[in-house]
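Worksheet: the structure to be examined is printed underneath.
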Amino acid sequence: MGKYIVLAALLLAYPTFVGDFFTFQIGAYALLLGTVALSLQVLGGYGGMVSLSQLTVAGIAGYTVAILGDNTTNVMGLGWPWWCVVTAAIAIAAIAASLIGAISVRTEGIYTIMITLAIAVSFFYFVRQNYPVFNGFTGLAGVEPPRFGALYLRDPAPFYYLSLAIAAVFFWAVRYERHATFGLALQAIRDNPRRMAALGYNVPLHRVAAHALAGVIAGTAGVALVWFNGRISPGTVGVDVAIDILIIAVIGGMRHPIGPFIGALVFVLLENFAIDLIDRERFNTVIGLCFLAIVFLSPDGLLGLFDKARQAVRADTPKPQEPRKHPDKLHHNR
Amino acid sequence: MSKRNLLATVAALSAFGLNAAQAESLKMGALATLEGAFTALGEDGMRGVQLAINEFGGTAGGREIELITGSSDASPDSAIRATRRLVEQDGVQILVGPLSGSEGLAVRDYAKTQPDVTFVNGSSAAQDTTLRDPSDNFFRFSTDGAQWMAGLGEYTLNEKGYESIAIIAEDYSFPYSLVFGFLEPYCRLGGQAKVEDRFWVPIGNKDYSSVIASLPDDVDALFVGLGGADAVNFLTQYEQAGGELPLVAGSITVDQTVLGSKGRTRDFVIGTPSASPISDTWDDPRWAAFVASYQAEFPDGFPSPSIFAHAYYVNTKAALLALDEVGGDLSDGGANYRTALSNLSFETPTGMVSLDARRNAIADIFLTEVIEGPDGNLVNDTVKVTSQVSQTFGLEYEEFLEYGVVGRDNPSCS
């Protein structure tokens, strides 16, 4: 518990130490990308379903905001009040996520990845080719977050705290869910779906529910992301970005909800500063090599690396080292 | 810490009676597509920036230029991310870029939120970046896609005699401008370009077999408005599929970024007419000097500078010339600097350039045809120069707006 209080204090005080760019473009962006990756961690880490369509769900929420709210593109922009827009966006994202879940839950492993990848690709091409509603390649620009008097939500510090609030709420929700009945059942289904079905659990329903929960998480992050960018276009929901979300979750570590946020921070820092490390024709190689190194050194992501370091320190004591058990496995929680 | 040192140095120098502004370097950003289908184009754009800065000896207005580069992948989102980083983190006061049309529209919108930063275009050439709803601090010393086509529509119909044409181009704002500029005179003079014979493909498309299969056979020619890797891929596949239609090319399709690539398309594109802000073989000392310095500086560049090297060079040079004019002084948030930019009129490798009321360039455009050069490289041969093409084709602003926003079906050509 103590470490979370320290972490919370650090995160709350962060904008006072750094400039606007680090507050907004690094801090807030990492928190939001981390939240999208968190929704993948729920599905992948607890549910055993690796989905590549979490960014698509966030994108559906983002497009909903741009279409139902205001934009300056002269395409759609129905001008609903912001709270209606946000509620509708998150609801539509959750419904879309449930539908994706309904399509994909009867598959396993690589087939789930294939189906969700296909959904991500088709959504990308759909919005790129649809002009009357989504305005094609150029997308919808001029999306504004709500104003509360003098408080403008896209100013760096307010937006950072909004992102932090979203990230924190879902972080705790996911952390709680891990030990709640639903979360335990989900993890049990991950480990042995046939046995759970024999025990009388409705396996597909639990999985669809996990998709819906992940949809709420990704959708909320998607609303904040469209406010962050002020615009949304097919590039926002492209396959490369969808795979970035998987990369974030994997380099961070899928075991614990803190993993996606660590991954997102590393990802955002590399994306912004790799070009300063090496000449401008080669910086993507540096990014790739860093990810490769992380996964090579620790299949468990940065979290695993952290655990290894801690174990190495403890190994000095003469006590024999017990093989580390998977902390998420059901028997651990008995 | 280094900032404090710099301040101390500046203070010390001022004490000796030197102007503080002379000692402090000036941060300038350059943004181009160093990722994705337009990578080769972006790299050549950066060469153009470097050429202009070297020409000034690395200083303008008495201040040393500190160049900071950013990269995008031709999507508006990536351009905004990179621009934000350059402006908000690196603190550049002048930004040169971006490269691609829809990026330009996005950066123009972002420019409105940063009134103290001056944005000078790279090579983005979407019409609406400066035509509708322009930003006071966004300048384009390179021309737009519709301007680039000056003279081509008339030439295709009257000289080449192609009376009907199919179109393949990328599906975003710049090729819309390009196709509009080509079709406006072509259709007005009686050429046929049915809306169902226009094929719009996404940027970065690799497989053109379905488009090639559905190209009509009852047209006289094919207009290709693809850039970079897309153009190379399409031309290769069209040749392999036994395509026989004569080609008419949008500027970037027969640019050095495509002609200079190693491939089998060589003979296939010889004789293709196009129009462009540059012509590889223009017999003019200003152009010859530019090509010579490009070749000397970048032996591993293209055989001759591309449209992108040229556009970035012209825009960077404008930014530096105006800096000279205000003595490097941007302390008023750049207001004087932007006035100097607006009034700038200068010699470029392709003739005089000046700006209109919406800060878009008025410049010469070249009608060209692809030939094999003396050293075996493919180059564009100058057919005709159209002098001082304006964004509104010489019409009044209000009158020009009646053409409507460029898009897939504009002009409808019926």
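Quick note: the coordinates plus some simple rules give every number you see, no bench work behind them. Computed from a predicted model, the values in this text were never measured in an experiment. FYI the Cβ positions are ideal-geometry reconstructions off the backbone, even for glycines, and counts take in every protein chain you see.
Among DSSP bridges having both ends in the protein assembly as shown, what percentage is antiparallel? Round to the nearest 5.
In the protein assembly as shown, DSSP labels about 45 percent of beta bridges as antiparallel.
Hey, in the GNM for chain A with a 10 angstrom Cα cutoff, which one of A:123, A:17, A:171 fluctuates hardest?
Comparing A:123, A:17, A:171 in the GNM, the peak value goes to A:17.
Rounded to whole Å, give me the distance from the Cα center of the range B:76-140 to that of the range A:204-222.
After rounding, the separation between the Cα centres reads 37 Å.
Pull up all non-local amide H partners of residue B:383: gap of 5 or more, or a different chain, and H-to-H distance under 5 Å with H placed in the peptide plane.
Under 5 Å from the amide H of residue B:383 lie the amide H atoms of B:367, B:368, B:369, each far enough along the sequence or on another chain.
Among B:249, B:32, B:48, flag the residue with its Cα farthest along the positive direction of the charge dipole of the protein assembly as shown, charges on Cβ as +1 for Lys/Arg and -1 for Asp/Glu.
Projecting each Cα onto the dipole axis, the largest value belongs to B:32.
Mind pulling the angle between the C-alpha long axis of helix A:156-179 and the longest principal axis of chain A? Nearest 10 degrees, somewhere in 0 to 90.
That helix lies at roughly 40 degrees to the long axis.
Under the rule of at least 5 residues apart or a separate chain, name every residue whose amide H is placed under 5 Å from the amide H of residue B:163.
Here the answer is B:220, since their amide H atoms fall under 5 Å of that of residue B:163.
Tell me whether the protein assembly as shown comes out rounded, prolate or oblate; compute the Cα gyration tensor, take square roots of the eigenvalues as a ≥ b ≥ c, and use a/c under 1.5 as the rounded threshold.
Because a/c hits 1.5 or more and a/b exceeds b/c, the protein assembly as shown counts as prolate.
Hey, if you drop one equal point scatterer on each alpha-carbon of chain A and run the Debye formula without solvent, what base-10 log of I(q)/I(0) do you get at q = 0.10, 0.12, 0.14 Å⁻¹?
-0.61, -0.87, -1.18
What fraction of the DSSP beta bridges in chain B is antiparallel, stated in percent and rounded to the nearest 5?
Counting only bridges with both partners in chain B, antiparallel ones make up about 40 percent.
For the pairs B:194/B:384; B:194/B:317; A:3/A:308; B:317/B:384; B:112/B:317; B:27/B:112, note any where the Cα-Cα span goes beyond 30 Å.
B:194/B:317
Rounded to the nearest 20 debye, what is the charge dipole size of the range A:198-309 about its Cα centre when +1 sits on each Lys and Arg Cβ and -1 on each Asp and Glu Cβ?
Using only the charged Cβ atoms, the result is roughly 300 debye.
Given points 7 Å out from each Cα along the Cα-Cβ axis, report the residue B:213 to residue B:116 separation in nanometres with one decimal.
5.9
Between the range B:239-257 and the range B:148-206, how far is it from one alpha carbon centroid to the other, in angstrom?
Each part's Cα centre sits 13 Å from the other's.
What do you get for the angle between helix B:39-55 and the principal long axis of chain B? Use alpha-carbon atoms, 0 to 90 degrees, nearest ten.
Tilt relative to chain B: about 40 degrees.
Looking at the protein assembly as shown, which Cys residues are left with no other cysteine's beta carbon under 4.7 Å from theirs?
So, A:84, A:290.
Of A:272, A:246, A:259, which is farthest on the positive side of the dipole of the range A:233-281, counting Cα position, with +1 on Lys and Arg Cβ, -1 on Asp and Glu Cβ, and the Cα centre as origin?
Sorting the options by dipole projection puts first A:259.
Under a GNM of chain B (C-alpha, springs under 10 Å), which listed residue has the highest mean-square fluctuation: B:188, B:140, B:47?
Looking only at B:188, B:140, B:47, the biggest GNM fluctuation is shown by B:188.
Could you work out how far the C-alpha centroid of the range A:259-276 sits from that of the range A:142-192, in angstrom?
Measuring centre to centre over Cα atoms gives 20 Å.
Which residue fluctuates most in the GNM of chain A (Cα springs below 10 Å): A:222, A:19, A:304?
Top of the fluctuation ranking is A:19.
Rg over Rh of chain B, using C-alpha atoms and the Kirkwood radius, what does it come to?
Expressed as Rg/Rh, it is 0.99.
Taking the Cα centre of chain A as origin and charging only Cβ (+1 Lys, Arg; -1 Asp, Glu), how large is the dipole, in debye to the nearest 20?
Once rounded to the nearest 20, the dipole reads 1100 debye.
Once amide H atoms are built 1.01 Å from N in the peptide plane, which residues 5 or more positions from residue B:201, or in another chain, come under 5 Å H to H?
B:169, B:170, B:171
So if R0 is 25 Å, what FRET efficiency would residue A:1 and residue A:184 give, r being the distance between their Cβ atoms, rounded to the nearest 0.05?
0.70
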